[in-house]
Structures are given as structure tokens and as C-alpha cells.
Amino acid sequence: MKLVSLSWSHRARVSAAREALAGVPVERVLRELKARGFPEAAALSTCNRFELYAAGPANQELAAEKLVAMLEDLAGHPLGEHAEIREDAAAVAHLFSVASGLDSLVIGETEILGQVKTGYESAKAAGMTGKRLNVLFQRALFVGKKVRTETSVANGSASVPSVAVQLAETIFGRLEGKSALILGAGAMAELAAKHLAARGVSKLTVANRTWERAYQLAARYQGEAVRWEDFPAELERADVVIASTGAPSAVLTHAIVEPAVRRRGGRSLFMIDIAMPRDIEEAVHAIDGVYLYRLEDLEAIVAKNMASRAEAVAAARRVVDAKAAEFVAWASSLSTGRELSFRHSETAS
């Protein structure tokens, strides 16, 4: 089996490539790969990573350079300089680490397992998975669950939205009596709402392009929904804004934020952008009284949370390494005519 993976993640010092890829739908990537004759491929796109996995028979050449060039055509942006390229055993171990939450900005977070599953299901629906990728991703999901069940790596872990709320709490000291505005109503926005409500914000407002989704999210946390076109007015009242819309370009620009800040009477406005592509224009940071934090700014909090969890991470990595070696042995056996089996008790469902 030949396997190549390309990755652009939160570890990259420059996020422009990741932002460009975030604007390319996974379905479009898979269609293009299929049109170019790649037999098996799957893509994973989240708020802080984009990854592509391509597989084929052991004698097939899967040039990473061709995959990068194809993605550059779709994204309209140079990508090669910041790509993490892995092949075969290294690519297997990486995917298993990703599914286990070991490669996340927040080590041990649980959302990534569902995101890996979504990427796999999209590839299946596009007709881009055969035996190799089916087994690879099924094993990845199995390993992700095994790590969380058999080690304590997920204990005390957090999601990116929860770390964003921690940052807001660090800034204000307490969130009781504060007002928060959430832009977006997806999974990350919901987690942000959950953690803000738990910290006791006095007013929680949600805005989303689809009114019904904003209303449903706000209702779950005793908040208030506003129409998308009305959210700029909320900038005058909010103490903290968390943006996570999934929009292809910035929804909070200098032209929107600056007039609202003038009407705030000198009160500071803290904005946290956890979207990819970015929801908040960089120029907003230059407005007096506005403090903008992005995904990369959350790393300091993450590092502090990780300081006491080295033993749990080491235990999780031992599981990942062992299961990756098992998979590599199975993949190698495909060309011998004597296919190995995984232990009967281990399933990936």
C-alpha cells in the first residue's frame, strides 16, 4: 500500500495557506482528485487544520508535489512551503495521532474524532475510498476511541472554544455581569455558548446568517438571537465577541467595527476569532480600544494546560504507535497474497 498525507495545521508559523485551503470545499477537492485519476483520497478540514490523504497500490506513484500543485490550483495560493508531507508509516501514525487528539491545538479534545469521521464519510460518499482507505480510517476512529478510553489524555482537556472563553475570563477576571456576542451557530459556536453560559455571562447574543439556527442556539443557553444584518449594533453593547462563522471572508471589518467602537464611550472591546478562514479583519486590531485574539494566541493557554499532562500523553502515544505498527503490517501483507487480520475483538464502529 502506498499512502501520502499532506497537512497544514496550527503548528505552521504562517496561517495564510491554511486560510486559503479552508475556503475550498472538501467535496470540490475530492472531485478534482477523482478527475485526475487518483483512486483513493480523503480530506479533513477544520478550524485549525487541512489534511489530504491519498492511497493506492504499493506500486503506484503518488507524488506529493502533484497533490500540492492540484491544491494550489484550487486554493489560488502557494502552499508547498508550509506543507507537512508524510508517507506510508509516518502518514498512518499521523492520522492515528490526529484522531486521538494528540495533534490538536488542545491536546485530548474530543471534536476532532467526529471531524475525522465526517472527512471519511465525505470521501465514501464521493466514491473515493477503497479497501485501503476504508480500513485506514476505520482503524483511525477505533484508535481515537481506544486512546480516550484507556488513557487519561482527555481528562481535563478542552476545546478551542473553551480555551477562548478561558482567555476572555483571564482578560476580565470574571465574566459575571458581562455581555457576549457570538457570530455563527455551528459546533464551535455552540461550545462557545455553552462555556460562556457556564461562566455566568449576564447577556448572551447569537447572530447567524440562518435566523432559525441562531434562535435555536440562543434558546438552549437562555440567550437572545438577532438577525444577521443587525449584529453590528450589538458591537456597541458587547464586552466580548467570539466569531466562528465559516464564512469565506471576514465578516467583521474595520468599516463595521470602528463606528461601533466610537459609540462605546471608551469601553474596551475584546474580540476572539476562532474561525478559519478568519472572521475578523486584521485591520480591526489597530482600532483604539479593540483587542483582537486569534487561534495562534490561544497557544499560551494550551501550553499551560498541558504542563502537568505529559504522562497521559506518553501513554496515548504508546497506543497510537502500537496500532500504527499493526496497520502497517496489515497494509504490507496486501501485496503478499496472505492478508493479515486485526484482532477479532477490535472493531472501528
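Things worth noting here:
- The range 7-29 and the range 298-337 have Cα centres lying 23 Å from one another.
- Among [x] 22.2; [y] 20.6; [z] 21.4, the entry derived from the coordinates for Kirkwood radius over Cα pairs in Å: [z]
- Total charge dipole magnitude, the range 160-302, about the Cα centre, Cβ charges on Lys, Arg, Asp, Glu only, Debye to nearest 20: 420
- Rounded, prolate or oblate (a/c below 1.5 giving rounded, otherwise prolate when a/b exceeds b/c) for the range 143-239 by Cα gyration tensor: oblate
- Additional length obtainable on full extension of the chain from E212 to D288, 0.36 nm per residue less Cα span: 23.9 nm
- The chain: calculated mean residue ellipticity at 222 nm from DSSP helix runs of at least 4, using -39500 (n - 2.57): -14000 deg cm²/dmol
- The charge dipole of the chain, taken about its Cα centre with unit charges on the Cβ of Lys, Arg, Asp and Glu (plus for the first two, minus for the last two), comes to roughly 820 debye.
- Using the Cβ-Cβ distance between S333 and R264 with R0 set to 56 Å, the FRET efficiency works out to roughly 0.30.
- Packing, as the average of other Cβ atoms within 10 Å across residues, places the peptides 61-67, 117-123 in the order 117-123, 61-67, highest first.
- At R0 = 30 Å, FRET efficiency that the Cβ-Cβ distance of K34 and A89 yields, to 0.05: 0.70
- Under 15 Å, Cβ to Cβ, from E169 - net charge with Lys/Arg +1 and Asp/Glu -1: +2
- The peptide list 172-185, 124-137, put in order of mean Cβ contacts within 10 Å with the highest first, becomes 172-185, 124-137.
- Relative packing of peptides 260-267, 4-11, 238-245 - highest average C-beta neighbours within 10 Å first: 238-245, 4-11, 260-267
- Global geometry of the range 160-302, whether rounded, prolate or oblate, following the gyration tensor of its Cα atoms and the 1.5 cut on a/c: rounded
- Among K145, K304, K203: highest mean-square fluctuation, GNM of the chain, C-alpha pairs under 10 Å: K304
- For the chain, averaging the sequence separation of C-alpha pairs within contact (under 8 Å, six or more residues apart) and dividing by the residue count gives a relative contact order of 18 percent.
- In the chain, lysine pairs closer than 21 Å at Cα, eight or more apart or cross-chain: 20
All of the numbers you see were taken from the coordinates with simple rules; none came from a lab. Remember, it's a predicted structure, so these values are computed and weren't measured experimentally. Glycine gets a Cβ as well: all are built from the backbone with ideal geometry, and neighbour counts include every protein chain shown.
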